[in-house]
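> Please see the structure below; I have some questions.
The values are calculated or read from the model by the stated rules, or taken from the named source; none is laboratory data. Keep in mind the model is a prediction, meaning the values are calculated, not measured. Glycine gets a Cβ as well: all are built from the backbone with ideal geometry, and neighbour counts include every protein chain shown. These area figures cover heavy atoms from the full protein model, side chains too; ligands, DNA and RNA do not enter into them. Shrake-Rupley method; radii C 1.70, N 1.55, O 1.52, S 1.80 Å.
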Amino acid sequence: MIKKFKTLQDKVSFNPTDRTSQLSIGDLCDQIENSQLVLPLFQRELSWSKQKSADLLDYQIFGFAPVAPISLNKIDNGKTSYQVTFIERNLINNFSKIKASVVDGQQRLTTNFRAYNGDENFDTIVLDINRCKIRISDVRSKNLIPVNILFNKDIGVLAKFSKDNNLNNDLYPILVYIRQKFLTYKYTINEADDLDEKKQIKWFEVLNNAGTEVSKMQMKIAKLKIKNFDIYTEYTRPYAEMLRKYNLNKLFNKFTTNVSYPVSALNPSYEIIISKKHKSNFAPMASDSKEDKLINLDLKELRDISSNSLQDLQKALIFIKDNDLYEYITRMDYVMYLSGYFTFNNEDIDEEKKKSLLKWVKTVSFDNKSNGSRRKIFNSLIENSFNTAF
């Protein structure tokens with residue numbers, strides 16, 4: 001056989017579908033709880049809404065077709081890239097008990113585990129007995145069974161709820177059956193053997209993004225965890241929560257920007273604390289994000305910058321609220337630029353500057369602006385010249 005044809009034959013001789021099996025939700029959750037099933041460090045932050053989680057749980061109980069497969073990288077030799085636990089994303093130092101790493105399926109597995117583990121944040125996701133549906137409700141009723149009780153790993157939790165709420169004797173066995181269906185619901189598992197990080201990422205990209213690259217920013221900042229800095233729990237989640245608190249989360253609801261916005265918003269604090277000067281290409285906008293610089297900082301510097309940025313974000317949000325500027329805040333640019341303004345102007349602003357800043361908010365436009373123009377707008381703003389004509 002001609003050599004090049006033999007190479008072709010060798011490359012197609014392996015059939016990965018031969019490695020397909022099934023595991024129940026109960027088994028998967030047990031492995032997650034015991035850190036046998038983990039996540040590669042490059043995996044994205046949790047992104048599912050509570051509604052999305054409710055939809056999955058409802059479909060697993062009342063759906064008419066199987067949920068999509070889970071993709072795992074089996075770890076046999078104990079040598080693998082950095083791994084973290086589910087939810088808390090704690091860095092794993094001992095790989096000896098790890099069975100597999102999740103390449104695709106983090107959101108679904110986390111949803112099931114949170115119900116299984118009694119996560120209190122799931123107490124508003126309920127089985128509505130009257131509607132025969134799992135949905136979201138803040139109402140407390142014996143006809144609305146929270147999934148963190150219904151699907152709890154400890155059946156005693158469900159038994160206690162049933163007793164405390166005097167549930168109909170005929171209902172309890174049905175609830176036990178539903179719980180059992182959840183625990184024994186089987187996922188198809190697609191499995192690979194000991195893929196290195198590069199191959200895992202390639203697999204992840206094909207499954208999640210139709211072949212587009214996993215965000216390089218996300219991959220880089222996730223590895224800050226190695227320095228004991230979890231940018232998600234210490235910075236991006238609090239950033240998003242603050243926006244929700246001030247009713248501006250509508251500007252921040254795209255998965256593609258819920259990391260790039262807060263990361264680029266670190267630029268002003270980076271300049272004040274680290275570089276001690278401003279450069280035009282450090283504007284608080286996604287295209288100017290400096291993750292390459294962030295990953296070279298030490299733990300104290302990372303925490304100082306993130307803490308300072310969150311404080312200045314709060315100043316900006318208070319300014320927006322106190323001056324009733326919501327109708328003008330139509331893009332995240334306004335919020336990030338105002339935050340940057342307070343970073344560079346950390347003293348109390350006098351009445352004249354306040355009037356100028358209010359006028360700036362009401363007149364500046366970021367529509368159809370080049371990156372160069374947007375940088376000039378920021379430079380002018382932090383220098384208190386408030387020029388918007390670029």
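> Positive end of the charge dipole of the chain (Lys, Arg +1 and Asp, Glu -1 on Cβ, about the Cα centre): tell me which of SER339, SER309, GLN43 has its Cα farthest that way.
GLN43
> Taking the Cα centre of the range 242-390 as origin and charging only Cβ (+1 Lys, Arg; -1 Asp, Glu), how large is the dipole, in debye to the nearest 20?
360 debye
> Where does the chain land at 222 nm, in deg cm²/dmol rounded to the nearest 500, when only DSSP H runs of n ≥ 4 count, each adding -39500 (n - 2.57), divided by all residues?
About -13500 deg cm²/dmol.
> Accessible area per residue for the chain in Å², computed with a 1.4 Å probe and the full protein assembly in place, what is it?
Values: 19910 Å² over 390 residues.
That works out to 51 Å² per residue.
> How far is helix 106-116 tilted, in degrees, relative to the longest principal axis of the Cα atoms in the chain, given as a value from 0 to 90 rounded to the nearest 10?
Once rounded, one gets 70 degrees.
> Okay, next question. Just want to confirm a number: the relative contact order over the range 87-177, from Cα pairs under 8 angstrom separated by 6+ residues, in percent. Let's see the in-between values first.
On the way: 76 pairs, mean separation 20.0, N = 91.
Once normalised by length, the contact order is 22 percent.
> How high is the FRET efficiency from ARG237 to THR7, r the C-beta distance, R0 45 Å, rounded to 0.05?
0.40
> Taking a probe of 1.4 angstrom, what is the accessible area of GLU191 in Å², to the nearest 10?
Looks like 50 Å² after rounding.
> Between LYS50, LYS359, LYS376, find the one with the highest GNM mean-square fluctuation for the chain; connect C-alpha pairs within less than 10 Å.
Answer for the Gaussian network model of the chain: LYS359.
> Sort VAL67, VAL206, VAL103 by accessible area with a 1.4 Å probe, largest first. Spell out each step's value before the answer.
Numbers: VAL67 25, VAL206 85, VAL103 0 Å².
Ranked from most to least accessible, the order is VAL206, VAL67, VAL103.
> So, one more: Need one number for the range 254-376: average projected area of the convex hull over its C-alpha atoms, nm².
Seen from a random direction, the Cα hull of the range 254-376 projects 8.0 nm² on average.
> For the chain, give the share of DSSP beta bridges that are antiparallel, in percent and rounded to the nearest 5; count only bridges with both residues there.
75 percent
> Starting from the residue with the highest accessible area, list TRP360, TRP203 in decreasing order, probe 1.4 Å.
TRP203, TRP360
> Separation of the range 15-93 and the range 163-184 by C-alpha centroid, Å?
Answer, in whole Å: 26.
> Could you work out how far the C-alpha centroid of the range 97-123 sits from that of the range 342-372, in angstrom?
Spelled out, the Cα-based centre of one part sits 44 Å from the other.
> Hey, with R₀ at 22 Å, roughly what FRET efficiency would ILE87 and PHE252 work out to, going by the Cβ-Cβ distance, to 0.05?
After rounding, the FRET efficiency stands at 0.55.
> What FRET efficiency do you get for ASP322 and ASP367 if R0 is 30 Å and r is their Cβ-Cβ distance, rounded to the nearest 0.05?
Between ASP322 and ASP367 the formula returns 0.70.
> For ASP164 and ARG135, calculate 0.36 nm times their separation in residues minus their Cα-Cα distance, and state this gained length in nm to one decimal. Write down the numbers at each step before the final one.
Values: separation 29, 0.36 × 29 = 10.44 nm, distance 2.22 nm.
Once the chain is fully extended between ASP164 and ARG135, it gains 8.2 nm.
> Using protein chains only and a probe of 1.4 angstrom, how many square angstrom of SER356 are accessible, to the nearest 10?
Per-residue accessible area (SER356): approximately 40 Å².
> If contacts are Cα pairs under 8 angstrom and at least 6 residues apart, what is the relative contact order of the range 217-317 in percent?
Value for the range 217-317: 34 percent.
> To the nearest 10 degrees, how steeply does helix 299-322 sit against the main Cα axis of the chain, on a 0 to 90 scale?
For 299-322 against the chain, the angle is about 70 degrees.
> Moving on to the next point. So, with a 1.4 angstrom probe, what is the percent of accessible area on the range 42-89 that is carbon and sulfur? Don't jump to the answer; show the numbers that get you there.
Working: 1230 of 2240 Å².
Looking at the range 42-89 in its full context, I get 55 percent from C and S.
> Using Cα pairs closer than 8 Å and at least 6 residues apart in sequence, work out the relative contact order for the chain, in percent.
On the way: 495 pairs, mean separation 59.4, N = 390.
Computed value for the chain: 15 percent relative contact order.
> Something else about it: Hey, got the dipole for the chain? About the Cα centre, +1 on K and R Cβ, -1 on D and E Cβ, debye to the nearest 20?
About 820 debye.
> Express in nm, to one decimal, how much length is gained between ASN384 and ILE295 on full extension, taking 0.36 nm for each residue of separation and deducting their alpha carbon distance.
Gain on stretching ASN384 to ILE295: 28.9 nm.
> If you don't mind, there's one more thing I want to ask. Sticking with the crude label model, points 7 Å out along Cα→Cβ, report the distance from ASN281 to GLN22 in nm, one decimal please.
That separation, rounded to one decimal, is 5.6 nm.
> Need the full-extension length gain, GLU352 to ALA65, defined as separation in residues times 0.36 nm minus the C-alpha distance. One decimal, nm.
The GLU352-ALA65 span can extend by a further 96.9 nm.
> Which value, in Å² and to the nearest 10, is the accessible area of ASP367 when all protein chains are kept and the probe is 1.4 Å?
Ignoring ligands and nucleic acids, ASP367 comes out at about 90 Å².
> Compute the long axis of helix 50-62 from its Cα atoms, compare it with the longest principal axis of the Cα atoms of the chain, and write down the angle in degrees, 0 to 90, nearest 10.
Computed tilt is about 10 degrees.
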